[in-house]
Structures are given as structure tokens and as C-alpha cells.
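The values are calculated or read from the model by the stated rules, or taken from the named source; none is laboratory data. Since this is a predicted model, take the numbers as computed values, not measurements. When we count neighbours, we look across all protein chains shown, and the Cβ atoms used for this are built from the backbone with ideal geometry, even at glycine. We work out accessible area using only protein heavy atoms, side chains counted, and drop any ligands, DNA or RNA first. Shrake-Rupley method; radii C 1.70, N 1.55, O 1.52, S 1.80 Å.
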Amino acid sequence: MAYTKPEFKAQYENFIGGEWIAPVDGKYFEASSPIDGKVMTKVAQSNKKDIALAVEAGYKGFETWGKTSVTERSRVLNAIADKLEENLEKLALAETWDNGKAIRETINADLPLTIDHFRYFASVIRAESGTVSDLDANTVSQEVHEPLGVVGQIIPWNFPILMAAWKLAPAIAAGNCVVLKPAEQTPISILIMMEVIADVLPAGVINIVNGFGPEAGKPLALHPDLKKIGFTGETTTGKLIMQYASENIIPVTLELGGKSPNVFMESIMDKDDAFFDKAIEGLVLFAFNQGEVCTCPSRALIQESIYEPFMARVLERIKAIKRGNPLDTECMMGAQASNDQYEKILHYIDIGTAEGAELLIGGNKEEVAEYPDGCFIQPTIFKGNNKMRIFQEEIFGPVLSVATFKDIDEAIEIANDTIYGLGAGVWTRDVHEMQKLTRSIEAGRVWANCYHAYPSHASFGGYKKSGIGRETHMMMLNNYRHTKNILTSYDENALGFF
Amino acid sequence: MSTKRVESTEAANSIIDQLRKEHECELMFHQSGGCCDGSAPMCFEVGDFMIGSRDVKMGEIHGCEFFMSPEQFEYMQGTHLTIDIVKGRGSSFSLEIPLGLRFIAISRLYTDEEYKNLEPIEID
């Protein structure tokens, strides 16, 4: 079945202090959908003044929220999850239209994972404790947690609602209030999410301010009252965020991308069974979310002894990918998130060709009859070597670079020959190979005989230039709070120093 | 004459002029990598972005110094960059974004002749 295009309001304001507030200077920018290339609505083009209002509203909210019991905070997070679940289809449709991704994915992945994320953090804060140590007979040390205050979050456009949830849920669970700036390419779905949860959320706990990086992102990152900044995006802005954070001496969490290797050892072809079928799909997952995933398995490393027969089966599977209208529930690949992204990917395809990589499939834009102006690109595979730019730079599209290796040592060497270290995949039937590969590859997440699973309670984050900090695990709570040590003496006697 | 590693189009130059005027400052560029808006040249006020001590200066475009990280230079040094400007929506902190425009880097491989005569680079 195919959904119809969702309806949007003519204009969206900022969500500040629990209310919809027009931008101070009254400016708006147009938001368009990558599916039909047309303007869908207008959004607040905020600046320093709006950021100041949002941080202030955050602190007003924090007066209460920072002291709210974990029982109550947990209840609110669960209430958010319930509201999202009741409105799953509506939110999925808005997300698809805003971002371009297939409705199959927003219904089955983006929204369910978002909902679960709020429930996960609602749960873990009920079940954790600080620590107490008896340092000697009369001295007790307590480690207690306290929220930071108002924190800033700047999120990307590839999973707008889910990436917001990854950052919002732990921050508010830990007792902070948030000022969040969505990406300019996808400013709308998060606002629709806020419409859905506004009545279960205390005022000021989550504030959403839309606008452009230099006008709204920069003053957010530089706001003197901000206690932490989280960012997902690219490296230059990541460096800027760290630099701005140094001005106020606040912590940062950064997730800056990857060029993730997906390693296929020859034992996967020992049998033509269900596991081999899973491995084929594991390679084809480079096309998941049109390749717009920081952990896109964009470098497939295949043992040379199985390269020909394995690739033959892979190409068959890629030909079977159903493309077309993203609103059709059968569609497996939607549009790239923006025209810029679309142009950038096509340019990388040109670079790959110029560098002498062998094009195995795809390599062109995809024509979708219903949406002639949409940003669709064919799933594309190049064979080449790891020194080529298409092996080293994050294309952020459905473009896979394939290389072969002789043995496990060469596989590890190629896998680690990258400036990034976010994700990696390892496929083998041999437990010894599995141990060696998973422990030798420098990446924050190594999928072993699977890929692209993002459950709560499995940490996610980067080695090397892929960033700082972890997400999707309760350990993230400590990225969003202070540890206070209370050192108590029960000794009645003076030290005797003076 | 030596081969320039980075050049800019007339259209890009006119936007550089416009941004200089609007922000009343000198500008510089830093090539980004990574996800989302990665792979884009980003334009900042001189002094706003802290240039890394090991960042590589690729040259100048329209009077603006152009840098990239040494790790990126490692694999991008074989391609010539032309900085152009296109309509678009970005989510970086680059100064042209509010204009509804984006600087982009168009790459092409050097010819053998050009490669032999590349402008020297200072690397620590």
C-alpha cells in the first residue's frame, strides 16, 4: 500500500518553555521535501535572541525538573514513549516526507527505536544508585549524581527523530533541560513530535529552536550558561564545537562519522545456508537508509578466494531491491535527504570512476516516475583499492567500495587504514577469526555476524576521528551529570594539625 | 608556472565578496570530512575557526587561505579542487548557509604534467 503525502501547517514556530514562540526577528526559512523537491512549509529562522530565550526557559524548567524525583522523571519518559507510540504512523509519515527515507523504515525502525529509547532511560534511572565507601572506621565517602543544568544538542538530518531521541532521552532522564537545534534540512518532524508530546512534558524541559548553523547553532554552542554540548555531524563543525566549548569549559559529546569496514571471511561460503544468506544481506545493508548512516558499511572487504561467487550473489540481491515511491510500504530505498546530498554523491561516483575504480552496478541517478524531481540514486558498487578517495571519504550515500584481501592480517590492516573508527562488521563461521577481528578492528561498535542493529543498552560511539563519547547506553547518563563526592567524618576529634 | 591545488569559480568569488562585506571581516576556508555535511569546504571569519598546527594550507582562493587536516590531505592530495557555489541547504556553521547557498568542492585528478609542477606545501 502507498500512503499519501502528509499535511503540514503553513508555518512552524520554535518550541520554548512549553509554548510555540515566533522567532524574535520574525524570519522564517522554507523547508522542502527531497521526495518531490517542493516546499512543504516555513520554519523559524532563529538567532542569538531566540537561543537566549530558550536557555532562559530551560533554566526556568530546571528549577523544578532538576529536583524532580527519578520516579516522576521515569513516568514522564514513559508517557512520552506512549504518546509517540499512539502517533507512530503520523510521525513516521512526517519523517519520511521531511527526510526522504522509505516509510517501511520509519514505521519499523526510526519510530520503534525512538519509543524504546525513552522507555530504556525511563527504566535504567529507576534501577541505578550512587556508591558509598567506608574509607576508614569514621570516614564515609558518597558518590552522588546531580544534573548539569541546561544542555545544548545539535542533531543531524539522517535520522532526525531518532537522533533527537538518542540525545534527549538520557539528558532529561538525568534531570537536565535541553535546547535542541534540528538540522536545517529536516526541521519539521521533530516539531511534530513536540506537538504530540507537549502535554505530557513539563514546560522548559525540552526546547526546540530551528535556524542556521552560523546564526543559531553557533550562539547555542557559545552560550555562557550552557553546561554541555552534544553534536552529531562532520569534522570541521565538530572541531568548532570543541573550540567553542573550550571558551566556557564545558564537556562535549561528538559523533562525526565513519568509513566502516565490513569484513567477509571465506568461511561464510562453506555452506549455502541461512547464514550465508544473512551474510549477503549484511553486505547489501550499505544501501540501508540510502547510505545516509554514519555507520554505513561503505567498505566491503572480501577474502579473495570467495570474491567472484560471493559478489555474483550480492549483485543478484541488489537487483532485487525495490526502489521507487518512498510512501509505498514495499519500497526499500527512498530519496537522499537533500539535493545537495544528491549532488555530492553523484560527484563521488564521478571521482570513483576518474580514480579508475571498476563500476559493478548502479552509478546513476534513479528515475522515479511519480517524483521526477526527487533526489533518488541507484545502489552503486565500485571495486578498487583502499587508497582511493571513495574508500577514505564518507560519501553518505548508497555507494559501496569493495576491495579484496588475502588473509586475516591483511583484512585487519585494510579495515584499520582509515581516519575513522565508528562501526565495523565481521562475518565468519570461525570463532578464532571472530575473536581476532572483533578485537583488532579499531571501532566503537563491531557487529559480529550482523550489521545495522541499534538496540538500547549497546553502547555506540567512535574511535579515532569518529568522535568522543558514547550513546544508547546508560553509561551516557554520566555524560549528562556531575558526580558529587560527599566526604563525611564521624570522628569527634580534631585532626590535631592546628 | 606551478599548478594550483585549489581554485575558485567567479560565482564563488562573488559570494566571498558578498560575505566579506556583510560580515565586515576577512574569511578563510577549511575542508570538512565525515558524515552529514562532510566533504564540504567551510567558510569562516579569520580567527573564528582555530586552524590546527598541523593543518595543511592548500593555497588561497580569492584572497582566502584554504586549509584541510593532514589526514585528509593524505588521500586528497592527488586531486585538484575547484570551489564553486550552488543553491542548497546545509547544516554546518559555514557563513554562506543562511543565504540558501553552499560552497562545494569539485574534484578532478591532476594530469601527470600538472602533478609534477604542484605548488609546494609546507608540512610540519
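When the other protein chains are added to the chain by itself, burial of at least 40 square angstrom of heavy-atom accessible area (probe 1.4 Å, ligands and nucleic acids ignored) affects these residues of the range A:224-248: A:Glu234, A:Thr236, A:Thr237, A:Lys239, A:Leu240, A:Gln243.
If you take the beta carbon distance between A:Asp82 and B:His23 as r and set R0 to 45 Å, what does 1/(1 + (r/R0)^6) give as a FRET efficiency, to the nearest 0.05? After rounding, the FRET efficiency stands at 0.45. Reducing the range B:22-67 and the range A:454-476 to their Cα centroids gives an inter-centroid distance of 29 Å. Ligands, DNA and RNA left out, the accessible area of the range B:6-111 computed with a 1.4 Å probe is 50% carbon and sulfur.
Inter-chain neighbour count for A:335-342: the average number of beta-carbon atoms from partner chains within 10 Å of each residue's beta-carbon is 4.
Segment A:Glu367..A:Asp273, full-extension length gain: 30.4 nm, with 0.36 nm per residue of separation and the alpha-carbon distance subtracted. Backbone phi angles across the range A:253-262, fed through the Karplus curve with coefficients 6.51, -1.76 and 1.60 (θ = phi - 60°), yield HN-Hα couplings of 10, 10, 10, 10, x, x, 9, 6, x, 10 Hz in residue order; Gly and Pro are listed as x.
Distance from the Cα centroid of the range A:222-279 to that of the range A:322-349 is 22 Å (rounded to whole angstrom). For A:Lys387, the lysines whose Cα comes closer than 19 Å to its Cα, not counting residues fewer than 8 places off in the same chain, are A:Lys259, A:Lys406, A:Lys464, A:Lys465. Would you mind pulling out the separation of the Cα centroids of the range A:375-396 and the range A:90-128, in Å? Value for the Cα centre distance between the two parts: 29 Å. Annotation: A:Cys450 carries an accessible surface of approximately 40 Å², with a 1.4 Å probe and no ligand, DNA or RNA atoms counted. Close amide-amide hydrogen proximity is noted between A:His145 and A:Lys484, each under 5 Å apart and 5 or more residues distant or on a separate chain (H modeled in the peptide plane; Pro and chain starts excluded). Counted by Cβ distance under 10 Å from A:Gly17, the other residues give a net charge of -1, where Lys and Arg count +1 and Asp and Glu count -1. Looking at the protein assembly as shown only, what percent of DSSP beta bridges run antiparallel? Nearest 5 please. So the antiparallel bridges amount to about 55 percent of the total. Per-residue Karplus couplings for the range A:363-374, computed as 6.51 cos²θ - 1.76 cosθ + 1.60 with θ equal to phi - 60°, are listed in order as x, 9, 5, 9, 8, 10, 3, 5, 10, x, 9, x Hz, Gly and Pro entered as x. Computed about the Cα centre, the dipole magnitude for the range B:6-111 is approximately 300 debye when only Lys and Arg (+1) and Asp and Glu (-1) carry charge, each at its Cβ. Where only DSSP H runs of four or more residues are counted, chain A gives -10500 deg cm²/dmol as its mean residue ellipticity at 222 nm, each run worth -39500 (n - 2.57). By definition, a body whose alpha carbon gyration tensor gives a ≥ b ≥ c is rounded when a/c is under 1.5, and the range B:6-111 falls into this rounded group. Each chain gives up part of its surface: B and A jointly bury about 3400 Å² of accessible area, both sides summed, for a 1.4 Å probe. Ordering A:Ala369, B:Leu27, A:Leu53 by Cα displacement along the dipole of the protein assembly as shown toward the positive end leaves A:Leu53 in first place; charges were set at the Cβ atoms of Lys, Arg (+1) and Asp, Glu (-1). Computed with a 1.4 Å probe over protein heavy atoms only, the accessible surface of chain A comes to 37 Å² per residue.
Kirkwood radius for the range A:361-476, taken over all pairs of different Cα atoms as the inverse mean of 1/r, rounds to 16.3 Å.
Between A:Ile361 and A:Ile381, the built amide H atoms are under 5 Å apart, and every one of these is 5 or more places off in sequence or on another chain. Between 0 and 90 degrees, the angle of helix A:88-99 with respect to the longest Cα principal axis of chain A falls at about 70 degrees. In the range B:32-77, burial by the other protein chains removes 50 Å² or more of 1.4 Å probe accessible surface, compared with the chain on its own, from B:Gly34, B:Cys35, B:Cys36, B:Ser39, B:Asp48, B:Phe49, B:Glu71, B:Tyr75. Of the solvent-accessible surface of chain A, computed with a 1.4 Å probe over protein heavy atoms with every protein chain present, carbon and sulfur atoms account for 51 percent. Estimated from helices alone, the mean residue ellipticity of chain B at 222 nm is -6000 deg cm²/dmol (sum of -39500 (n - 2.57) over DSSP H runs with n ≥ 4, per residue). Taking a Cβ cut-off of under 13 Å around A:Pro160, the surrounding Lys, Arg, Asp and Glu residues balance to a net charge of -3, with basic ones at +1 and acidic ones at -1. In terms of accessible area, using a 1.4 Å probe and ignoring ligands and nucleic acids, B:Tyr115, A:Tyr371 rank largest first as B:Tyr115, A:Tyr371. Each residue of chain A gets 173 Å³ once the volume of the Cα convex hull is shared out per residue. The H on the amide N of A:Ile377, modeled in the peptide plane, is under 5 Å from the matching H of A:Gln336, A:Glu366, each at least 5 residues off or on a different chain.
Electrostatic bookkeeping for A:Met332 treats Lys and Arg as +1 and Asp and Glu as -1; over the other residues with beta carbon under 13 Å from its beta carbon, the sum is +1.
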